Amino acid sequence: MRPLDPSFAIDRQLATEAAPVVLVNVFTLDPADEPIFLKVWQDDAAFMKQQAGFISTQLHRALGEKPTYMNYAVWESTAHFREVFSHPEFRSSLAAYPSSAVASPHLFQKVAVPGICVS
């Protein structure tokens, strides 16, 4: 894992109470590992869908030749995501990702901007 913000890595984010939260996780990997990555991500997403506090997820692939993916997952709270993130089944599944895969997870909250969007 490579944090998006090295001064506030995912472990620190998980200690913060917030609700709801959006996990944005950017993955980079070697082209040869793309099929394996997609299968492992699918298995992880199926596991997450069964967990308390899970709302939704969507995987996006960047335009271009080098595989770069962004996972956007909505959770009811950091407490729910923290429980799943520390779950032994999820932790053991991380080893199934290809060695070239680098994940950059970060939690976000919606922001209200008057006349544009709501929080």
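Key figures
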| read-out | value |
| --- | --- |
| Residue within the stretch 65-85 that is part of a loop (DSSP other than H, G, I, E, B), among the acidic types (D, E) and at pLDDT 95 or above present | yes |
| Of the criteria (1) of a type in the set (V, I, T); (2) surrounded by fewer than 16 Cβ atoms within 10 Å (Cβ to Cβ); (3) under 13 Å from E76 (Cβ atoms), which one T16 fails | (3) |
| Subset of the stretch 3-58 that is within 22 Å of H80 (Cα to Cα) and among the basic types (K, R) - its residue that is farthest from the chain's Cα centre (by Cα) | R12 |
| Pair list, Cβ under 6 Å, 6 or more apart: the stretch 43-57 residue more than 13 Å from F90 (Cβ to Cβ), other residue assigned to a helix (DSSP H, G or I) | A52/H80; G53/H80; T57/A45 |
| Hits in the stretch 25-64 (condition: hydrophobic (A, V, I, L, M, F, W, C), within 24 Å of L14 (Cβ to Cβ) and part of a helix (DSSP H, G or I)) | F37, V40, W41, A45, A46, F47, M48 |
| Exclusive hit being of a type outside the set (D, E), surrounded by 12 or more Cβ atoms within 10 Å (Cβ to Cβ) and on the phi < 0 side of the Ramachandran plot, set I116, I55 | I55 |
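The values are calculated or read from the model by the stated rules, or taken from the named source; none is laboratory data. A quick note: this is a predicted structure, and the numbers were derived from the prediction, not measured. Cβ: placed from backbone, ideal geometry, glycine included. Neighbour counts: every protein chain shown.
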